[in-house]
Amino acid sequence: NFKLKEDPSLVPNKDFLAELQDSLATIEKQTLRAADIITRIRNFSKPASEEFTGFELKEVVENSLKLTEYIYQQKQVKLEVEIASDLPKIRGVAVNLEEVFINLITNACDAMENRTLKELKIHAALDTPDMVKIEVSDTGSGIPEKNLPNIFQFFFSTKGSRGTGLGLAIIYQIIQRHNGTIKVRSEVDKGTTFTIHLPVWKETK
């Protein structure tokens, strides 16, 4: 019987197969990451179909905390939430503002990854008759002063390869669409505070 002999030089070794598998996995991961970025930008560029309404800020914050509960509990972050009981309704799109708080909470937890003191505070109160003031503070690693002017720009990230540079840029645009403002103050090794002002909902007669 005739048997075909295998040429050992043509049979890939285990090291080559392992390297090839790792390379393919990396390509797949980067392709999915790029697709996710493109999808997020496309979705964000679409005009918001939801109409602005009046809603309770407390509900938005509570929903955001439920969605990020695993993150801050896993990292053993101490949480402090203080929302004024007499706070009027906010004007806007609730689901969009949930995205704002989810991003801020997630970023704060990331910034406190290797910190001994891990505290996240969310405070909200009426600042003027027409504006509500919300502060989201953490005791994280802080942001270098030279980076502060750029943090709301698309694709600027302080997380290196772990970040897309979309989160804070999208947050900024959402707040702008709500006719609000967002500012940041930060100190390296001490923490960061984001201060948001959002307009109060006024019933039309």
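Each reported figure results from applying straightforward, stated rules to the coordinates on display, with no laboratory input. From a predicted model like this one, the values you see are computed outputs, not experimental measurements. Neighbour counts are summed over all protein chains in view; Cβ atoms, including those assigned to glycine, are modelled from backbone coordinates with ideal geometry.
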Wrap a convex hull around the Cα atoms of segment 92-153, take a quarter of its surface area, and give that in square nanometres. 5.6
Starting from the Cα-Cα distance between F154 and T195, subtract it from 0.36 nm times their residue separation and give me the gain in nm to one decimal. 12.8 nm
Can you check what the net charge comes to around V200, using other residues whose Cβ is under 13 Å from the Cβ of V200 (Lys, Arg +1; Asp, Glu -1)? -1
